[in-house]
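All remarks here apply to the structure that follows.
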Amino acid sequence: MGEEKAGVFIQQGPHFKIIAYRDEKGKAPAYEFLETLPEKDRFKVEKLFHLLCNKGKISNRDKFRMERDGIWVFKSYQIRVFCFFAKGKRVVLTHGTIKKKDKVRKQEIEKAKKIMNEYRQRGWRNEILA
């Protein structure tokens, strides 16, 4: 995992490049979340990233789907990693959480939307794909 201007490089394939958004203070919530996961759990999530980057899609809606308002979520058991698509075949990870209830909490979607808006405001506004 390396670094680039808009975030921390996570993974790349022929279809997509995945980065973890980094805020103005240098914090990358999704990257930091992934680093806290036990190795076996992180491997499962990285396997989903690999699938999207190399196959261009994840057909299993239990593993990857749009929540709303352009926010998507990678899902592995109770682990959720939120993201959005940006130009240049980029997938920008916003943050992650361990789900405690059946339904994704509204505040998690709002947090992802806030990060997506920050990404826009920092000069990458033309890169967001709806």
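Structural remarks
- The residues on offer are Lys99, Lys111, and the sole one that is over 13 Å from the mean Cα position of the chain (by Cα) and either closer than 23 Å to Lys40 by Cα or buried (at least 17 other Cβ atoms within 10 Å of the Cβ) (or both) is Lys99.
- Scan region 13-57 for residues that are under 14 Å from the mean Cα position of the chain (by Cα) and hydroxyl-bearing (Ser, Thr, Tyr) and the total you get is 2.
- Close Cβ contacts (under 9 Å, 6 or more residues apart or on different chains) running from residues in region 24-35 that are buried (at least 21 other Cβ atoms within 10 Å of the Cβ) to residues that are assigned to a helix (DSSP H, G or I) and not aliphatic (A, V, I, L, M) comprise Leu34/Arg42; Leu34/Glu46.
- Restricting attention to region 58-82 and to residues that are aromatic (Phe, Trp, Tyr) and in a strand (DSSP E or B), the residue that is nearest to the chain's Cα centre (by Cα) turns out to be Phe82.
- Some residue of region 16-28 being at pLDDT 95 or above and more than 18 Å from Met116 (Cβ to Cβ): no
- Output for region 36-56, where each listed residue is free of Cβ contacts under 8 Å to residues at least 24 places away in the same chain, farther than 12 Å from Gln11 by Cβ and either among the aliphatic types (A, V, I, L, M) or not in a helix (DSSP H, G or I) (or both): Pro38
The values are calculated or read from the model by the stated rules, or taken from the named source; none is laboratory data. Computed from a predicted structure; not experimentally measured. When we count neighbours, we look across all protein chains shown, and the Cβ atoms used for this are built from the backbone with ideal geometry, even at glycine.
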